[in-house]
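Okay, so here's the structure we're looking at.
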Amino acid sequence: MQEGSRRAIFAAFFANLGIAIAKIVAFALTGAASMLAEAIHSLADTGNQGLLFLGGSRSKRPADELHQFGHGRERYFWAFVVALVLFSLGAVFAVYEGVNKLIHPHALEDPAVAFAVLGLAMLLEAFSLRTAIREANRERRGRGWWRFIRTAKSPELPVVLLEDLGALLGLSFALVGITLSVLTDEPAFDAMGSIAIGLLLGVIAVVLAIEMKSLLIGEAASPDEQDAIRAAITADPDVLHVIHLRTQHLGPEELLVAAKVDLGSRSSHDLALAIDALEVRVRAAVPTARVIYIEPDEYRPEEPDPDPE
């Protein structure tokens, strides 16, 4: 796990832990449904940061007989679990609590406490989001935010970014719901705030699950990285043609590269030397290319090139 991702997770973990404790106290004093929904949301987020740390730790285990390419995808698996936790503990509970309070209304007892906690929570969440944005800016390389979330191979920063953004929006929903409940003396607004928080968390959980599913199945290197690998191979004077090239991420910072190339007719010893030289070139161009398999073959122009565009 890169240091920037680690800093963002640390900031989110301690912010969410402090916020969760404050919200639980506020719910106990006010009985606000949206405060309970937000407390469960923050507890779920705190646990999620722990799951991201767990994935980062387990992904460092060395390859073994059962997992011969290592455990790099552990980070994708635990990020997928984060999406499930966010949905089950966050979204479903918040909607349930909101519906329950609509059926059984309960007037707020001390809204000033709720407002104070919401203000503190917004400050802490803004700090966490600011940290995540600063670390993500170092990796975005000109990509828009939505494109960064869709194309990032490291799962931690997109997860923290979406969690923090969802937390700030959820706090805004809670603030609006409690404010309307106080102004109108109608607890239904507080309940509707809880339902809105649940729906928001559900959307974020679905987006995360879709992205992590794609990474778990195995995504190819980015187009820029594929171009760099192809350029490194074709720059070698021994290469007559790249017949096809395949890549797949074994983890966020570990790439599998498989290429079939025409190296002309030569002895097995010369082929081995040429392949070794190509591996050095590829790793120099794309350092994350840790596992490389290059197969020598004869290029036949009459056959269609199997390499997808």
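The values are calculated or read from the model by the stated rules, or taken from the named source; none is laboratory data. The structure presented is a predicted model; accordingly, all values stated were derived computationally and were not measured. When we count neighbours, we look across all protein chains shown, and the Cβ atoms used for this are built from the backbone with ideal geometry, even at glycine.
When the residues of the range 4-24 are filtered to those that are of a type in the set (Val, Ile, Thr) and out of contact with any Leu (no Cβ under 7 Å at 6 or more places or on another chain), the one that is farthest from Ala126 (Cα to Cα) is Ile24. Hey, could you check the range 107-134 for residues that are modelled with pLDDT of 80 or more, of a type in the set (Gly, Ala, Ser) and surrounded by 15 or more Cβ atoms within 10 Å (Cβ to Cβ) and say which is nearest to Lys23 (Cα to Cα)? Of everything passing the filter in the range 107-134, Ala121 is nearest to Lys23 (Cα to Cα). Being at pLDDT below 80 and not charged (D, E, K, R) is not true of Ala79. Restricted to the range 138-151, and to residues there that are outside any helix (DSSP H, G or I) and at pLDDT below 85, the residue that is surrounded by the most Cβ atoms within 10 Å (Cβ to Cβ) is Arg143.
Residue-by-condition table, conditions (1) of a type in the set (Lys, Arg); (2) assigned to a loop (DSSP other than H, G, I, E, B); (3) modelled with pLDDT under 80; (4) closer than 19 Å to Leu168 by Cβ:
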residue	(1), (2), (3), (4)
Glu38	no, no, yes, yes
Thr46	no, no, no, yes
Leu54	no, no, no, no
Asp64	no, yes, no, no
Arg75	yes, no, no, no
Ala136	no, no, no, yes
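Does the range 204-226 contain at least one residue that is exposed (fewer than 14 other Cβ atoms within 10 Å of the Cβ), within 30 Å of His106 (Cα to Cα), among the β-branched types (Val, Ile, Thr) and modelled with pLDDT under 90? No - not one qualifying residue is present in the range 204-226. When the range 33-43 is filtered for residues that are more than 19 Å from Leu123 (Cβ to Cβ) and touching a residue at least 60 places away in the same chain (Cβ under 8 Å), the ones remaining, listed by number, are Ala33, Leu36, Ala37. Whether any residue in the range 259-276 is surrounded by 14 or more Cβ atoms within 10 Å (Cβ to Cβ), under 30 Å from Trp146 (Cβ atoms), among the basic types (Lys, Arg) and without any contact (Cβ under 8 Å) to a residue 60 or more places away in the chain is what I want to check. No, because not a single residue in the range 259-276 is surrounded by 14 or more Cβ atoms within 10 Å (Cβ to Cβ), under 30 Å from Trp146 (Cβ atoms), among the basic types (Lys, Arg) and without any contact (Cβ under 8 Å) to a residue 60 or more places away in the chain.
Criterion applied to Leu169, Leu175 was being assigned by TED's automatic domain parsing to the domain that holds Leu89, free of Cβ contacts under 8 Å to residues at least 60 places away in the same chain and under 20 Å from Gly18 (Cα atoms), and the one residue passing it is Leu169.
Against the test of being surrounded by 17 or more Cβ atoms within 10 Å (Cβ to Cβ), hydrophobic (A, V, I, L, M, F, W, C) and out of contact with any Ser or Thr (no Cβ under 9 Å at 6 or more places or on another chain), the options Leu175, Leu200, Leu157, Leu183 yield a single qualifying residue, Leu200.
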